[in-house]
């Protein structure tokens, strides 16, 4: 009976593995339930506004990245030349 409750190396190996999987599944379900309750916002309008701000921030980040990395072939070659020249400069301690 105690081997069935604990399930870590007691009794039949198949039984131990099954009990280990069962206890991990139960632990995961408890974790997800607690996490979901902590994240749930009782005010749907506040939650909607929070999500809206998140999407606006992501859109702005995407625009910033697009502006920074949307380069022509010439700009890419110029940046590579600059990086190569910087790495070839002798360093003085």
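Read the figures in this text as sums done on the coordinates, not as results from a lab. Here the structure is a predicted model, which is why all the values come from computation and not from measurement. Here the Cβ positions follow ideal geometry from the backbone for every residue, glycine too, while neighbour counts run over all protein chains shown.
Some values worked out for this structure:
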| quantity | calculated |
| --- | --- |
| Label-point separation in nm, residue 76 to residue 62, each point 7 Å along Cα→Cβ | 2.2 |
| Taking the convex hull of Cα positions in the stretch 43-86, its mean projected area over all directions (nm²) | 4.0 |
| Additional length obtainable on full extension of the chain from residue 18 to residue 51, 0.36 nm per residue less Cα span | 7.9 nm |
